[in-house]
Every structure is written in C-alpha cells, then in structure tokens.
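This report refers to the structure that appears directly beneath it.
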Amino acid sequence: MTTNRLAPPARVLVTKIGLDGHDRGSRIVAAYLRDAGMEVIYTPPWQSIPAVVKLALEEDVDVIGISSLATDHLIVPKLMDALRAAGLGHVGLVVGGIVPEDERPALIASGVSAILGPGTLRDEIIAHVGALAATVREKKNLEL
C-alpha cells in the first residue's frame, strides 16, 4: 500500500452532496485514505454545496472527494463554481461512484481531477489522491 508522503499529511474531505444517502463506499474510501496516513474529514450524507465549501475552507483541505451513487454528481459543476467563488479554486476534487460515461466529460470540464468508479483499486485511489494533494500544495505555495 502506498502511503502519504506530505508533511503535514494531506487533508482530504470525503462527503456526499445532494440527496444520495448511500455512503458505504465513501466510508471505505475514507478508511483507505486514513490508513495511508492522510487526514480525513468525513461528513454524513446529504450535504449542501454551501456546507461543503464552508467545511473545505475551515478545514483547509487539499482535496475533496465526492461520492455519487445516484445522480448527485450532476451538481458537482455547481460545487466547483462555488469553490472558485470562495477562493478555493486550488482545491482538488475527485468523484467516486457510479457516473455514466456520457456524463463524465462535463465533470472533467468543470475541473474534476478524476472519476474513480466501482472496481478502482485501493492503491490507485490512494496514489491519485496523494498526487493530487501534492499538486494542490505546490500551486498554493506558488500563490503565496
């Protein structure tokens, strides 16, 4: 298993926006990231976009992971807009869960770094989130 090499550790918010309450997968992914040495902020399901933006700001996260098993990934572009409006455009965002192929381009165009669907290996999730967090930190440090 790959481990987090950032110091301080990567800070990752794992959450669900909208009305999707199926959170088993997001709980498993949160445990993967935690076990890899990342600091994970986990929320219960049914979060609003303003609540996620507020929490991302308060917790100074590097990456947000959104889990979608219904159609809640369709509001991710609104989340990306809200993050940019709040000065958090540097925060990385990944979407996990079930996202139909024809809906993926809109998510990527909005700024989503990756869509990690069912069957994505644990080490692949950890490696992608860790690399994204490192990239986010580099960008943030350049801006300072």
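Structural remarks
- Heavy atoms of the protein chains alone define the surface here; on that basis the chain has 51 Å² accessible area per residue at 1.4 Å probe size.
- Whether region 1-61 is rounded, prolate or oblate, judged on the alpha carbon gyration tensor where a/c under 1.5 counts as rounded: oblate
- Selected from A30, A127, A109 as most flexible by GNM, with the chain as the system and alpha-carbon contacts under 10 Å: A109
- Those residues of region 74-96 whose amide nitrogen sits under 11 Å from the label point placed on L57, 7 Å along Cα→Cβ: 83-88
- Shape category assigned to region 63-144 from the gyration tensor of Cα positions, a/c cut at 1.5: oblate
- Among the trypsin sites (Lys or Arg not before Pro) within region 1-91, those in coil by DSSP and having at most 16 neighbouring Cβ atoms inside 10 Å are R5.
- Here T135 and R104 are evaluated by their C-beta separation; at R0 = 25 Å the FRET efficiency comes out at 0.75.
- Our coupling estimate for region 57-70, obtained by passing each phi through the Karplus curve with A = 6.51, B = -1.76, C = 1.60 and θ = phi - 60°, is 5, 5, 8, 6, 7, 8, 9, 10, x, 9, 9, 9, 10, 10 Hz, Gly and Pro reported as x.
- Förster radius 25 Å - calculated FRET efficiency between L121 and A70, Cβ distance, rounded to 0.05: 0.55
- Accessible-area composition of the chain, carbon plus sulfur, in percent [1.4 Å probe]: 59 percent
- Calculated Kirkwood radius over Cα pairs in Å (choose from (1) 19.6; (2) 21.5; (3) 14.9), label: (3)
- Taking amide H as placed 1.01 Å from N in the peptide plane, the amide H of G96 sits under 5 Å from that of I66, S67, S68, L116, each at least 5 places away or on another chain.
The values are calculated or read from the model by the stated rules, or taken from the named source; none is laboratory data. Everything numeric in this text was worked out from a predicted model, so none of it was measured. Note that we place each Cβ from the backbone using ideal geometry, even for glycine, and neighbour counts take in every protein chain shown. The accessibility values were calculated without ligands, DNA or RNA, using every heavy atom of the protein model including side chains. Shrake-Rupley method; radii C 1.70, N 1.55, O 1.52, S 1.80 Å.
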